[in-house]
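Heads up, the thing below is written out as structure tokens.
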Amino acid sequence: KESRHNLANGFTWGPDGWLYAGHGRTSPSDVGKPGTPADKRIHFDGGVYRYHPTRHVFEAFADGTTNPWGVDFDDYGQPFISNCVNPHLYHVIQGAHYEPWRDRASSLHAYERIRTIADHLHWGDGKSGNTNGGDLPILRTGGGGHAHVGMMIYLGDNWPDKYRNGAFLFNVHGHRLNHDALARKGSGYVATHEPDFLIAKDPWFMGITVRYGPDGGVFMSDWSDTGECHSYVNTQRGTGRIYKVNYGKTEPRRVDISRLSDAELVQLHRHKNDWFVRHARLVLQERAAAGRDLGLELPALVESLAHA
């Protein structure tokens, strides 16, 4: 049985030039170009995948979770996903297998499936005691529910520095934007609960996507419906909204990255707002794919970053 709410989503360009996205586990896919025979397609039954835009290669990057719905990267190139159902946050490692397993053949011989990095749940009675299958107690923070969508690791330059590299994800049933702090622990990370960034009074508020822009302010899309995360019958199609949250007063930044020289694009990698870094990287990749020779100039430009 296939589900209509576990779809490909959360497309995000990674620092390696691949396009990353999530895919729910109840709607498996057989991936291939139109006309590809069934036995030549790549079976993918859920997790995180990536696609290379010039080599046209599809790869399963990580297997598992339930319905990953949002991918983003921190200052160190580490990817994180939000999960709609079950624990809400995972650190994604290439080739890893994640809980829950759901008796899938793809993880049958995995030595151990990786659990959530969150030391808490965003629902419950506010008491601790349950565990995530490991050694850490799970704090039930209260408020909200189990469905989380969207993922933003804030790397902008408008919000206060205390939010940088923090994870922000929408809590669908709680009508709020959760904030988790990420800290290194062993070979991975642990996510601890921070005060909810915002709580909407409107019961129709259903946040879906959260992204920072060129001025460092954050855009948020609101499905704006009274259903819940399985809604696909009689959903409202004309009530969606987009909000923007700034810290103080900001000045609009009107930029056209495509007009900059190769040298200027490389220097943008120093920008505090990663919006500029990511768009500069993408334009450089597009120019190289179009046949532009960056071979002689690029090594010297990259070397200049190392001595910045």
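The values are calculated or read from the model by the stated rules, or taken from the named source; none is laboratory data. This one's a predicted model, so the numbers in the text were calculated from it and none came from an experiment. Backbone-built Cβ (ideal geometry, glycine too); neighbour counts: all protein chains shown. Heads up: the accessible areas ignore ligands, DNA and RNA and are worked out on the full protein's heavy atoms, side chains in. Shrake-Rupley method; radii C 1.70, N 1.55, O 1.52, S 1.80 Å.
Normalised by the residues of the chain, what does the relative contact order come to in percent, with Cα pairs under 8 Å and at least six apart?
11 percent
Between beta-carbons, use under 13 Å as the cut-off and find the net charge around Thr209, counting Lys and Arg +1, Asp and Glu -1. Write out the running numbers ahead of the final one.
Numbers: positive: Arg211, Arg241, Lys244; negative: Asp72, Asp222.
Around Thr209, the charge tally is +1.
Rounded to the nearest 20 Debye, what is the dipole magnitude of the chain about its Cα centre when Lys and Arg each give +1 and Asp and Glu each give -1 at the C-beta?
My answer is approximately 440 debye.
Please check: in the Gaussian network model of the chain (C-alpha springs, under 10 Å), which one of Asp119, Asp75, Asp157 has the largest mean-square fluctuation.
Comparing Asp119, Asp75, Asp157 in the GNM, the peak value goes to Asp75.
How much net charge surrounds Thr250 when only other residues with a Cβ under 13 Å from its Cβ are counted (Lys, Arg +1; Asp, Glu -1)? If you can, show how the numbers build up before the last one.
Details: positive: Lys244, Lys249, Arg253, Arg254; negative: Asp157, Asp215, Glu251.
Surrounding charge for Thr250 is +1.
Can you list the chymotrypsin sites (Phe, Trp or Tyr not before Pro) in the range 9-93 that are in a DSSP coil and have 14 or fewer other beta carbons within 10 angstrom?
Counting only loop positions with at most 14 other Cβ atoms within 10 Å, the chymotrypsin sites (Phe, Trp or Tyr not before Pro) in the range 9-93 are Tyr76.
Where does the chain land at 222 nm, in deg cm²/dmol rounded to the nearest 500, when only DSSP H runs of n ≥ 4 count, each adding -39500 (n - 2.57), divided by all residues? Walk me through the intermediate numbers first.
Working: 3 runs with 31 residues, N = 308.
About -3000 deg cm²/dmol.
Leaving out ligands, DNA and RNA, what percent of the accessible area of the chain is carbon and sulfur, probe 1.4 Å?
53 percent
Using 0.36 nm per residue of separation minus the Cα-Cα distance, give me the extension gain between His56 and Ala288 in nm, one decimal.
82.0 nm
Of all trypsin sites (Lys or Arg not before Pro) in the range 1-83, which ones are in loop regions per DSSP and have a Cβ with at most 13 other Cβ atoms within 10 Å?
Lys1, Arg4, Arg55
Would you mind checking which residues have amide H under 5 Å from Gly174's amide H? H placed 1.01 Å from N; only 5 or more apart, or other chain.
Gly145
Specify the longest stretch of the chain that does not include any exposed loop site, a site being one of the GluC sites (Glu not before Pro) with a non-H, G, I, E, B DSSP assignment and at most 10 other Cβ atoms within 10 Å. Write down the numbers at each step before the final one.
On the way: sites that count: Glu2, Glu112.
Excluding the exposed sites themselves, the longest stretch runs over 113-308.
For the residue pair Thr239 and Ala306, what label-to-label distance in nm results when each label sits 7 Å from Cα along the Cα-to-beta-carbon direction?
5.7 nm
Long-range amide H contacts for Lys272: which residues qualify at under 5 Å (H placed 1.01 Å from N, peptide plane, sequence gap of 5 or more or a different chain)?
none
Keeping all protein chains in place, calculate the accessible area per residue for the chain (probe 1.4 angstrom), answer in Å².
Averaged over the residues of the chain, the accessible area is 52 Å².
Which one, Leu121, Leu182, Leu284, has the greatest fluctuation when you compute a Gaussian network model over the chain with C-alpha springs under 10 angstrom?
Looking only at Leu121, Leu182, Leu284, the biggest GNM fluctuation is shown by Leu284.
Any chance you could check the Cα centroid distance between the range 23-41 and the range 239-308 for me, in angstrom?
34 Å
Count charges around Pro34 for me, please; just the other residues with Cβ under 15 Å from its Cβ, Lys/Arg as +1, Asp/Glu as -1.
Local charge sum for Pro34: +2.
So how far apart, in nm, are the two label points at Arg184 and Asp30 if each is 7 Å from Cα heading toward Cβ?
Going from the Arg184 label point to the Asp30 one covers 4.5 nm.
Averaging over every viewing direction, what projected area does the convex hull of the Cα atoms of the chain cover, in nm²?
Averaged projected hull area, Cα only: 19.2 nm².
Report the extension gain between Asp103 and Arg115 in nm, rounded to one decimal, defined as 0.36 nm multiplied by the number of residues separating them, less their alpha carbon distance.
Values: separation 12, 0.36 × 12 = 4.32 nm, distance 1.58 nm.
Full extension from Asp103 to Arg115 adds 2.7 nm.
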